[in-house]
Amino acid sequence: MSTPSGDYTATLPRKRMGAAVLFTDAARRALLVEPAYKDYWEIVGGCVDADESPRQAAVREVKEELGKSIVPGRLLVTDWVPQRPGRTEGVMFVYDGGSLDELGTADIHLPPDELRSWAWCDQEQIRDRMSELLARRVIAALCAKAEGTVFDLENGFHTH
């Protein structure tokens, strides 16, 4: 199949992509944010825009959601998610945002129209506040960070 530009790759399937950043505290709790437009919590992140790398999206989302300029650390998780009602299939990336102390959180500024609050959450609170899929992904990211590895997930589950 050819396209007007002659670029065969333009005819290939496209996937939705998202990028997020996992921040932890000294107790290895995850920083979760409470969106104003959803009934469950998330970690900082969002959609990867056209012509933007997942790492660039992670930087942009942290700036937009927390008002912080950061350089994300290593990749902790990739997670392929299947299509479901209202959502196309996608690939999600979670990067290490490092550990934050009181000084590191003092300059957090949430966009009031987008985020209500943020909180440090342990695994039980993560399961209570997040969707099942997001909880699996964030808990896997916490484990990957602790173990110094990266996890390849499908729908939040380990693939091996």
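The values are calculated or read from the model by the stated rules, or taken from the named source; none is laboratory data. Here the structure is a predicted model, which is why all the values come from computation and not from measurement. No Cβ is skipped: glycine too gets one built from the backbone with ideal geometry, and neighbour counts run over all protein chains shown. For accessibility, only protein heavy atoms count, side chains too; no ligands or nucleic acids. Shrake-Rupley method; radii C 1.70, N 1.55, O 1.52, S 1.80 Å.
Scanning the stretch 101-116 for residues that are within 17 Å of the chain's Cα centre (by Cα) and closer than 23 Å to Ala26 by Cα gives a single hit, Leu110. Scanning the stretch 44-65 for residues that are open to solvent by 30 Å² or more (accessible area, probe 1.4 Å) and either free of Cβ contacts under 8 Å to residues at least 12 places away in the same chain or closer than 21 Å to Gly98 by Cβ (or both) yields Asp49, Ala50, Asp51, Glu52, Ser53, Arg55, Gln56, Val59, Arg60, Lys63, Glu64.
Being part of a helix (DSSP H, G or I) and among the small types (Gly, Ala, Ser), is that true of even one residue in the stretch 97-116? For the stretch 97-116, residues part of a helix (DSSP H, G or I) and among the small types (Gly, Ala, Ser): present.
Note on the stretch 59-73: residues that are more than 13 Å from the chain's Cα centre (by Cα) and not small (Gly, Ala, Ser) total 6. For beta carbons closer than 8 Å, sequence separation of 6+ or different chains, a first residue in the stretch 66-94 that is free of Cβ contacts under 8 Å to residues at least 24 places away in the same chain and a second that is of a type in the set (A, V, I, L, M), the qualifying pairs are Ser69/Val59; Ser69/Val62; Val71/Val59. Tallying residues that are of a type outside the set (Lys, Arg) and open to solvent by 20 Å² or more (accessible area, probe 1.4 Å) within the stretch 11-42 yields 13. Name the single residue, out of those in the stretch 73-94 being part of a loop (DSSP other than H, G, I, E, B) and under 20 Å from Leu142 (Cβ atoms), that is most open to solvent (accessible area, probe 1.4 Å). Among residues in the stretch 73-94 that are part of a loop (DSSP other than H, G, I, E, B) and under 20 Å from Leu142 (Cβ atoms), the one most open to solvent (accessible area, probe 1.4 Å) is Arg74. Just to be sure, is Ile70 in contact with a Leu (Cβ under 9 Å, 6 or more places away or on another chain) and either modelled with pLDDT of 95 or more or open to solvent by 50 Å² or more (accessible area, probe 1.4 Å) (or both)? No: the conditions fail for Ile70.
If you go through the stretch 95-138 and keep only what is more than 24 Å from Ile70 (Cα to Cα) and open to solvent by 70 Å² or more (accessible area, probe 1.4 Å), you end up with Gln123, Glu124, Arg127, Asp128, Arg129, Glu132. Of all the numbered requirements in (1) touching a residue at least 24 places away in the same chain (Cβ under 8 Å); (2) under 23 Å from Lys15 (Cβ atoms); (3) surrounded by fewer than 19 Cβ atoms within 10 Å (Cβ to Cβ); (4) of a type in the set (Gly, Ala, Ser), Gly156 misses one, and that requirement is (3).
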